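**Student:** Got a structure for you, written out below as structure tokens; questions coming shortly.
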Amino acid sequence: EDDEDDVDLDAWERTYTDERSWESLQEDESGMLRPIDNQALYHSQYRRRLRTAARIQKGLIRYLYIVIDLSRAASEMDFRPSRIAVIAKHVETFIREFFYQNPLSQVGIVTIKDGVAHCLTDIGGSPESHINALMKKLECSGDSSLQNALDLVDGYLNQIPSYGHREVLILYSALSTCDPGDIMDTIQKCRKSKIRCSVIGLAAEMFICKHLCQETGGTYSVALDESHFKELILEHAPPPPAIAEFAVANLIKMGFPQRAAEGSISICSCHKEAKVGAGYTCPRCKARACELPTECCVCGLTLVSSPHLARSYHHLFPIAPFDEVTSSLNNPNCKLQRNCFGCQQSLLDPGNKPGPAVVCPKCKRYFCLDCDIYIHESLHNCPGCDSL
């Protein structure tokens, strides 16, 4: 009977049985259970990501289409409350993070439903318009067609200028694809068009998805649960390495528009209607645009602001990873180094023992783990080097 019970275990019960998390508990000197150090675990994962991100050329101007599978498989409830609810939640987070890290890039959304691919939003630089359009179209039905989605996206991305990096991120829930023709020809067409295709599966691994990613230089992964799915999709927010034959150096004309007065009335070129309030005036043709960055609908000039360029700068010249250090804090000559240079918190444990810390290889200033993560992921400048 016990064997039958093990076979009938739910998936979440088998996970706990396989992990045997109770065997990983540790005791301190007094025999009490020591709490699991989640901060150290998170920091080690962050250090691993930082080490893999070497100083390589990145694609700063990205044109990304997010392809969302809305077939009946997306309504499955193995992800709570359903796959599509989890996808919508984390796609919203991803779009906001994408535009924060890639202010010069643009996004479009394509959905697959009833064997047909639909362009939900045209490629653009407004996160709110993409999110609002997606939340209104979350009904799932019919089969999924990977080939139709790739054909549709290829037609749009072929019009992108050569300096733009063409990418597709497919969130695929189905275990099959209902295609009208030979999908292998479509994959080769995407490869010739220099489109980097990546897939995140929500069910199980599929050969055709893996083959698509291998041929186009993308990444393929399958989400185990909601937290893993969030981790996988956010990995696509930073700019990917630029493939040699795709990265063509070009000089790009950009305009820095002036912000109009609050009470001004003008015809918006993107919405085709009169609007009251602040907008942006194209320096070439004087047309009004609502948001930046965008392309002028009249003359086609790329419109950006200087903070957008500044926010992209750290991808070109990232801060070198800090070196880990623990033992040198016992040295009496390091009195000035016993506090974190960033937040001024003590780097010593309660027992006056040296805790985990990092040191900048240039300015030799010591930082705690929280400041290390903040400097590399948000600030992108070393306070110690700047103070010198």
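The values are calculated or read from the model by the stated rules, or taken from the named source; none is laboratory data. Remember, it's a predicted structure, so these values are computed and weren't measured experimentally. Heads up, the Cβs are rebuilt from the backbone with ideal geometry, glycines too, and the neighbour counts pull from every protein chain shown. Note: accessible area is taken over every heavy atom of the protein model, side chains too, but ligands, DNA and RNA are not part of it. Shrake-Rupley method; radii C 1.70, N 1.55, O 1.52, S 1.80 Å.
**Student:** If you take the beta carbon distance between residue 381 and residue 114 as r and set R0 to 51 Å, what does 1/(1 + (r/R0)^6) give as a FRET efficiency, to the nearest 0.05?
**Tutor:** Values: r = 50 Å, r/R0 = 0.98.
Working from the Cβ atoms, E equals 0.50.
**Student:** Taking the Cα centre of the stretch 255-316 as origin and charging only Cβ (+1 Lys, Arg; -1 Asp, Glu), how large is the dipole, in debye to the nearest 20?
**Tutor:** Rounded to the nearest 20 debye, it is 100 debye.
**Student:** Distance from the Cα centre of the stretch 136-166 to that of the stretch 262-294, in angstrom?
**Tutor:** That distance is 29 Å.
**Student:** Something else about it: If the cut-off is a Cα-Cα distance under 20 Å, which lysines reach residue 272, setting aside same-chain residues fewer than 8 apart in sequence?
**Tutor:** 286
**Student:** Further question: Please say if the stretch 255-316 is rounded, prolate or oblate, where rounded means a/c under 1.5 for a ≥ b ≥ c the square roots of the C-alpha gyration tensor eigenvalues, and otherwise the choice is prolate for a/b larger than b/c and oblate otherwise?
**Tutor:** Taking the square roots of the gyration eigenvalues as a ≥ b ≥ c, the stretch 255-316 is prolate.
**Student:** Just the number, please: carbon plus sulfur as a percent of the accessible area of the stretch 255-316, 1.4 Å probe, no ligands or DNA/RNA counted. Provide the component values of the computation, followed by the final result.
**Tutor:** Numbers: 1990 of 3550 Å².
After summing per-atom areas, the C and S share lands at 56 percent.
**Student:** Note the per residue figure in Å³ for the convex hull of the C-alpha positions in the stretch 57-236. Please list the in-between numbers first.
**Tutor:** Values: hull volume 18.5 nm³, N = 180.
Output value, Cα hull per residue: 103 Å³.
**Student:** State which entries of 253/275; 113/136; 189/210; 137/275 exceed 20 angstrom in Cα-Cα distance in the structure shown.
**Tutor:** Working: 253/275 27 Å; 113/136 15 Å; 189/210 16 Å; 137/275 27 Å.
As for pairs spanning more than 20 Å Cα to Cα, those are 253/275; 137/275.
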